[in-house]
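S.K.: Below: one structure in structure tokens.
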Amino acid sequence: MGDAVSTLLFQPPPPSKLKEHKIVWLKTRRGTKIPGFYISYRRQGGVENCRSLAASEIRDSGPSQGITLLYSHANAEDLGSIYPWCKFLSKMLQVNLFAYDYTGYGMAFDSGPPSEEHCYADIEAAYDFLRNTLKVPSRNIVLYGRSLGSGPSCYLAVKSGQTPTDPDSEEHAEPVGGLILHAPFMSVFRVVLETGCTLPGDKFPNVDLLPFVASPTILVHGTNDQIVPFNHSERLFEAIPEKFRARPIYIEGMSHNNVHSQVRPLFCDRLAEYLEEHVWPSIEGVGRQSHSMSKVTRRIAEAVDHELDYSEDGGHKTREVIGL
């Protein structure tokens, strides 16, 4: 049953190409090799510099400074297809970004069939690269999982905040700085049928993991999502511990596979607010970027923002839909 579910779940696209010298190759604990790319954002003297770096350039770019998004892509995507979107996020949010391919996807198409277990090992390898090779503090890392990528992102967010069970271990819980879930699902089976609980053979049980998250978490979902129903994010929001809930971004009319150009200014503005409120304050030391969004972007946001208050707790907004 499990193998059949994996066959239906994972749909790698035909591999796309990237410049070989810009690829970082990682080895996972399951023995596979996966590719990744790193986009560096710097702002010096009022001049922005946002570009992908060769593996040999990354360590000298100051990767431990500022925020780094660890991006886990959706199904039917690979590094080549997501590069323009990732560069857009890096520039608009003024953050570094590291993205990776899952085993069986993109340039790792011949490394073995994709699986839930491989996805967990893949994101661990990417996180290990940031933490132990580039020396990025955990509080500077924000996980961004879109659709399928919400599974490994939830897994790693919980794992990073867990205290080691070995009492003699010198390690301690170091939760990541934040978690962004874009069009996430409660679990794979629940996308098709509300089962009421996690059944044997189900994959990526995000709804069971989120109660244990110890990082500020924001949800992004379109109300017109025909692949992962919008109510999945509403249910996931309820599963997040209250002190780690950030105001979600629910966008009226948005579908599953794109953030329409008309709503992108508001989308970026709200994500920047999330980083400003929940992530930047915990980052210490030098190297903090100028991270405020432009006044023009905020004016656009104010012009198109339409808030629907469904709260029953004396005015505190628990659900907000952004309309166009």
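The values are calculated or read from the model by the stated rules, or taken from the named source; none is laboratory data. Since this is a predicted model, take the numbers as computed values, not measurements. The accessibility values were calculated without ligands, DNA or RNA, using every heavy atom of the protein model including side chains. Shrake-Rupley method; radii C 1.70, N 1.55, O 1.52, S 1.80 Å.
S.K.: State the dimensionless ratio Rg/Rh of region 195-243 (Rg: radius of gyration of Cα atoms; Rh: Kirkwood radius). Don't skip to the answer; put the middle values down first.
M.R.: Values: Rg = 11.7 Å, Rh = 12.0 Å.
On the Cα set of region 195-243, Rg over Rh gives 0.98.
S.K.: For region 51-124, compute Rh as the Kirkwood radius over C-alpha pairs and then the Stokes-Einstein diffusion coefficient at 25 °C and 0.890 mPa s; write the answer in µm²/s, rounded to an integer.
M.R.: Details: Rh = 13.4 Å.
Translational D for this selection: 182 µm²/s.
S.K.: Rounded to whole Hz and in sequence order, give me ³J(HN,Hα) for region 192-205 from the Karplus expression 6.51 cos²θ - 1.76 cosθ + 1.60, θ = phi - 60°, writing x for Gly and Pro.
M.R.: Karplus values, whole Hz, x for Gly and Pro: 8, 8, 6, 8, x, 7, 7, 8, x, x, 5, 10, 6, x.
S.K.: Further, regarding this structure: Residue by residue, what Karplus-based ³J(HN,Hα) values in Hz, rounded to whole numbers, does region 114-121 have, using 6.51, -1.76 and 1.60 with θ = phi - 60° and x for Gly and Pro?
M.R.: Listing the rounded values in order: x, 7, 4, 5, 4, 4, 5, 5 Hz.
S.K.: Tell me, in nm to one decimal, what length is gained between Leu8 and Glu194 on full extension, where the rule is 0.36 nm per residue of separation less the Cα-Cα distance? Don't jump to the answer; show the numbers that get you there.
M.R.: Values: separation 186, 0.36 × 186 = 66.96 nm, distance 1.82 nm.
Separation in residues times 0.36 nm, less the Cα-Cα distance, equals 65.1 nm.
S.K.: Something else about it: Counting only C-alpha contacts under 8 Å and six or more residues apart, can you give the relative contact order of region 170-256 as a whole percent? Write out the running numbers ahead of the final one.
M.R.: Numbers: 153 pairs, mean separation 30.0, N = 87.
This gives 34 percent for region 170-256.
S.K.: Then there is this: log₁₀ I(q)/I(0) of region 1-117 at q = 0.11 Å⁻¹, via Debye over equal Cα point scatterers, no solvent, to two decimals?
M.R.: For the requested q values the scattering log ratios are -0.39.
S.K.: Could you give me D for region 9-66, from Stokes-Einstein at 4 °C and 1.567 mPa s, where the hydrodynamic radius is the Kirkwood radius over C-alpha pairs? Units µm² s⁻¹, please.
M.R.: 94 µm²/s
S.K.: Leaving out ligands, DNA and RNA, and with a 1.4 Å probe, what % of the accessible surface on region 53-110 is carbon or sulfur? Could you put the intermediate results ahead of the total?
M.R.: On the way: 910 of 1770 Å².
For region 53-110, the apolar C and S fraction of the accessible surface comes to 51 percent.
S.K.: As an exercise, find the ratio Rg/Rh for region 114-263 from alpha-carbon atoms, using the Kirkwood inverse-distance average for Rh. Let's see the in-between values first.
M.R.: On the way: Rg = 15.7 Å, Rh = 16.0 Å.
Rounded to two decimals, Rg/Rh equals 0.98.
S.K.: Can I ask one more? If I take all pairs of Cα atoms in region 71-194, what percentage of them are more than 18 Å from each other? It would help to have the intermediate numbers written out before the result.
M.R.: Numbers: 4221 of 7626 pairs.
Distances greater than 18 Å cover 55 percent of the Cα pairs.
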